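Note sheet for the following structure.
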Amino acid sequence: MSLDCSKALQFLARCLIPLGLIGQATDFTNVSYDNGQGKTLHAYLAKPPDYMNDPTKKYPGAVILHAWNGMSEEPVYFADLLARQGYVVIAPDLFRNIATSEINIPWNIATTLSTPQHRMDQDVDAAISYLTGSVQNVDSTRVFSGPGFCFGGSQALNLSIRRAMAGTITLYGANIDGLQDPNNNDLWGELGIRETQVLGIYGADDGAPTPDEARGFESALNTRNIGNTVTIYDGVGHAFVSPKNHRAGQSQAVEAWNQVVSVMNGVVSSGAGLSRRELDRPAHHNNLQRTNRPSWAWLWDHTMDMFQGKGHFSHFTGIWHHQKNEQGDHHPSAHKLRTRVSPRESKHAHA
């Protein structure tokens, strides 16, 4: 779809906001900045508790990328958690003040289809420029692409393909279907040109991306000698790491988030970082952009989620199971945690 479609969608959103059918991303942001073209952008910024106690201390950074519904409680919640671990975190609004529920499927489909990828790329770059240029004491050589969730998981990979990043954290980003061939250098871009770490988190019951695609992605990473950890969690599908699920009784979501923190901390403690040459290198043209758009199979899976209690709707079934458990019932055996970790983990994952 064209940029005109995106503008039409934004106009419609402004009409629906007073009715409570569509929200505003600025309800979940706390900073604004110019994109260099006269457009004001918004993001959520989280800082460590000890930020600037020591004026000489440099902090690693992270770019959290939201799911297909835009800015919400989710990126804010996880940005705050990462900040407590010592990161300065920015979560940019990629849909320019359009936000809604993760289960507003028709609207979310329309948004992801109509928002131009090149514009989102520019907005992410503007967020990184703000993080490293306007926020004090952020180490520009140690900024992570991600964590990215769902649609944001694809955007996290997209970012690392375009420009060198300290590491890449993708949670069930579906564009790994385009990263199955390790020999197509044009698709991989900057990803893996330097020693890096990629963490991919997936659900065994997910239909997009499928476990087979996750294993194919892992195999391609290994062939290209890219340090990686790929984990497939049994008993869960899409979007299982959420604020609602990040609590006792939801072992997969808790363990997956702990894995995110562990891998990021491992990269930081290893001393790995980008060189000035890597930071100054022009952005790579991303030939994977075609796969950032939802496929018909992906759209169908998300539409059927509401009838099967899967994907984004699993947030509600997870709450139901938790309530049943409090009443003396037990989670079904499918919800026990079983993980598959890549046999070729990077040294950073255990540093």
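The values are calculated or read from the model by the stated rules, or taken from the named source; none is laboratory data. No experiment lies behind these values; they were computed from the predicted model shown. Neighbour counts run over all protein chains shown; Cβ positions are idealised from the backbone, glycine included.
Listed here are the residues, each with its yes/no results for (1) farther than 24 Å from Ile105 by Cα; (2) at pLDDT 95 or above; (3) of a type in the set (Asp, Glu).
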| position | (1), (2), (3) |
| --- | --- |
| Gln24 | no, no, no |
| Ala43 | no, yes, no |
| Pro48 | yes, yes, no |
| Lys58 | yes, yes, no |
| Ala62 | yes, yes, no |
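For the condition aliphatic (A, V, I, L, M), surrounded by 24 or more Cβ atoms within 10 Å (Cβ to Cβ) and in contact (Cβ under 8 Å) with a residue 12 or more places away in the chain, what is the one hit in Leu113, Leu131, Leu159? Give the steps one after another, and end with the answer.
Numbers: Leu113 fails: surrounded by 24 or more Cβ atoms within 10 Å (Cβ to Cβ); Leu131 fails: surrounded by 24 or more Cβ atoms within 10 Å (Cβ to Cβ).
Only one candidate passes the filter, namely Leu159.
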Tell me which residues, restricted to region 112-121, are more than 17 Å from the chain's Cα centre (by Cα) and either at pLDDT below 85 or part of a helix (DSSP H, G or I) (or both). Leu113, Ser114, His118, Arg119
Would a scan of region 236-243 turn up a residue that is touching a Phe, Trp or Tyr at 6+ places or on another chain (Cβ under 6 Å), surrounded by 22 or more Cβ atoms within 10 Å (Cβ to Cβ) and more than 20 Å from Tyr87 (Cα to Cα)? yes
Among the residues of region 222-233, are any of a type in the set (A, V, I, L, M), without any contact (Cβ under 8 Å) to a residue 40 or more places away in the chain and farther than 15 Å from Ala256 by Cβ? yes
Among the residues of region 183-193 satisfying the criterion of being surrounded by fewer than 21 Cβ atoms within 10 Å (Cβ to Cβ) and over 11 Å from Arg224 (Cα atoms), which is farthest from the chain's Cα centre (by Cα)? Asp186
Name the pairs whose Cβ atoms lie under 8 Å apart, with the first residue in region 37-50 and farther than 14 Å from Ile64 by Cβ and touching a residue at least 12 places away in the same chain (Cβ under 8 Å), the second part of a strand (DSSP E or B) and among the charged types (D, E, K, R), and 6 or more positions between them or separate chains? Leu41/Asp34
I want to confirm something. Restricting to region 86-110 and keeping residues that are surrounded by fewer than 20 Cβ atoms within 10 Å (Cβ to Cβ) and in a helix (DSSP H, G or I), which single residue is modelled with the lowest pLDDT? Pro106
For region 140-151, which positions are assigned to a helix (DSSP H, G or I) and either out of contact with any Phe, Trp or Tyr (no Cβ under 8 Å at 6 or more places or on another chain) or small (Gly, Ala, Ser) (or both)? none
From the options Gly216, Gly207, residue that is at pLDDT 95 or above and either touching a strand residue (DSSP E or B) at 6+ places or on another chain (Cβ under 8 Å) or surrounded by fewer than 22 Cβ atoms within 10 Å (Cβ to Cβ) (or both): Gly216
